1. If each DSSP helix of 4+ residues adds -39,500 (n - 2.57) and the sum is divided by the residues in the chain, what number results at 222 nm, nearest 500 deg cm²/dmol?
2. Provide the net charge surrounding D66, with neighbours chosen by a C-beta distance below 15 Å and charges set as Lys +1, Arg +1, Asp -1, Glu -1.
3. Using alpha carbon centroids, what distance separates segment 53-118 and segment 11-51, in Å?
4. Please list 67-75, 2-10 highest first by mean number of surrounding beta-carbon atoms within 10 Å per residue.
5. Keeping every protein chain present and rolling a 1.4 Å probe, give me the accessible area per residue for the chain in Å².
6. Kindly express, to the nearest 10 degrees and within the range 0 to 90, the angle between helix 85-94's C-alpha long axis and the longest C-alpha principal axis of the chain.
7. Run the numbers for D36 and S99: contour at 0.36 nm per residue of separation, minus the present Cα-Cα distance, in nm.
8. To the nearest 10 degrees, how steep is helix 118-129 against the longest Cα principal axis of the chain, on a 0 to 90 scale?
Amino acid sequence: MAGERDLQKLLASMSPRLDEAEYVFTLAPGGEVPADVRPFVTVREDEGLTLVLLREEADQAGLAYDYVAARITLRVHSALDAVGLTAAVATALAEVGLSCNVVAGLHHDHLFVAYAGGGRASAVLAGLAAGGS
């Protein structure tokens, strides 16, 4: 099934879900995922392989990080070529002083916000979905 493209429908049905776990961004040593580490996301950059994973796994593997994030999943099935969802979400969060790092999966968008602001971000997104800002 194709994902939704209509921005108003996307916003109204995004149904944000806050994951209570702590996530971190770190660099994979030697450009390889360490054994016993199961990243949620990997991004290969010129500088190396970025891992987004549970803080607990990073700690167990001795991986360094300086940003602890909460993950919010937008449970609407958004099309990869949908226009405006990322902008609307990032703008709503920016208006209340929250940064947002977005990762798109095939079915859903995942937002990483500072862990301490996870609940606030989730509330802002719920307001956006309800037609507020």
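The values are calculated or read from the model by the stated rules, or taken from the named source; none is laboratory data. On a predicted model such as this, the values are computed, not experimentally measured, just so you know. Reconstructed Cβ throughout: ideal geometry from the backbone, glycine too, with neighbour counts over all protein chains shown. In case anyone asks, the SASA skips ligands and DNA or RNA and just uses the protein heavy atoms, side chains included. Shrake-Rupley method; radii C 1.70, N 1.55, O 1.52, S 1.80 Å.
1. -7500 deg cm²/dmol
2. My count for the surroundings of D66 gives -1.
3. 10
4. Working: 67-75: 19.9, 2-10: 14.7.
Per-residue Cβ counts within 10 Å, averaged per peptide and sorted highest first, yield 67-75, 2-10.
5. Accessible area per residue, the chain: 55 Å².
6. So the inclination is approximately 80 degrees.
7. Details: separation 63, 0.36 × 63 = 22.68 nm, distance 2.99 nm.
Separation in residues times 0.36 nm, less the Cα-Cα distance, equals 19.7 nm.
8. Relative to the chain, helix 118-129 is tipped by roughly 30 degrees.
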